[in-house]
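Reviewing the structure listed below.
The values are calculated or read from the model by the stated rules, or taken from the named source; none is laboratory data. Worth saying up front: this structure is predicted, and the values here are computed from it rather than measured. We place every Cβ from the backbone using ideal geometry, glycine too, and count neighbours over all the protein chains shown. For accessibility, only protein heavy atoms count, side chains too; no ligands or nucleic acids. Shrake-Rupley method; radii C 1.70, N 1.55, O 1.52, S 1.80 Å.
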Amino acid sequence: MTDTHQSFLDLLHAQRVWDVELPGFDPATAPPAPLPLFRRWFAEAVAAGQAEPHTMSLATTDTEGNPDVRTLMLHDADERGWHFATHRTSAKGRQLTARPYAALGFYWPAQGRQVRVRGPVTACTPAESRADLHARSTGALASALTGSQSEVLGSREELTRTADAAWERARAEPHAEVASWTRYVVEAREVEFFQGDAARRHVRLRYRGQGTAWTRELLWP
């Protein structure tokens, strides 16, 4: 083993998890459907000072079945499911077109909590996608106008020129259209809530079902 590798391992093993007092979670008090519990946990993560609690991991698969994952923002969570948006021409957009199924992962270490969501993915209507884009900031619009997400970039200078032009247009045309911008919704079939425990007696509660019919079950940690 090299000194560099050993230094990395020493640093890795020195890290600690959940050096805060963790909340309790009694699954017997959980609501019959996952959405109210998710909203409550999200609000509690915000109150606990969790940084960027609206970020989540999105996992998809390509046409060969190889997994892919990235971090992006949650746009809504309602009775239809968990919402996010991207260019349908991006890598994840193309993967969702070919295989419209995904998994989401939220991690809120301030409270030792995770939420996992799995289910089929549906593209929202063009009107919903336009409304999603124009409800966001000027910077978000400029980013969408830059386009070419996931494509090979020739140089940093090319990005700078294109992004500067996109910012100009976003300021001048706040309602500019971006045809590829698409809002998606994950229609949950499984939602798991994980509450960490300092003694490693973690609580895992999984909801399985569809629509308003949900089955709740505990899982071994």
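When the stretch 38-58 is filtered for residues that are closer than 16 Å to HIS83 by Cα and of a type in the set (Phe, Trp, Tyr), the ones remaining, listed by number, are PHE38, PHE42. The residue that is most open to solvent (accessible area, probe 1.4 Å), among those in the stretch 19-36 that are farther than 16 Å from GLN111 by Cβ and among the small types (Gly, Ala, Ser), is ALA28. Inside the stretch 160-182, can you point out the residues that are closer than 11 Å to THR146 by Cα, part of a helix (DSSP H, G or I) and either of a type outside the set (Asp, Glu) or in contact with a Ser or Thr (Cβ under 8 Å, 6 or more places away or on another chain) (or both)? Correct list: THR160, ARG161, THR162, ALA163, ALA165, ALA166, TRP167, ARG169, ALA170. Being part of a helix (DSSP H, G or I), at pLDDT below 95, farther than 18 Å from PHE25 by Cβ and in contact with a strand residue (DSSP E or B) (Cβ under 7 Å, 6 or more places away or on another chain) is a description that does not apply to ALA131. Would it be correct to say that ARG208 is of a type outside the set (Phe, Trp, Tyr) and either within 14 Å of ALA33 (Cβ to Cβ) or crowded, with 17+ Cβ neighbours inside 10 Å (or both)? Answer is yes for this residue. Put simply, of ARG39, ARG16, ARG99 the only residue that is open to solvent by 80 Å² or more (accessible area, probe 1.4 Å), within 26 Å of SER129 (Cα to Cα) and either touching a Ser or Thr at 6+ places or on another chain (Cβ under 7 Å) or at pLDDT below 95 (or both) is ARG99.
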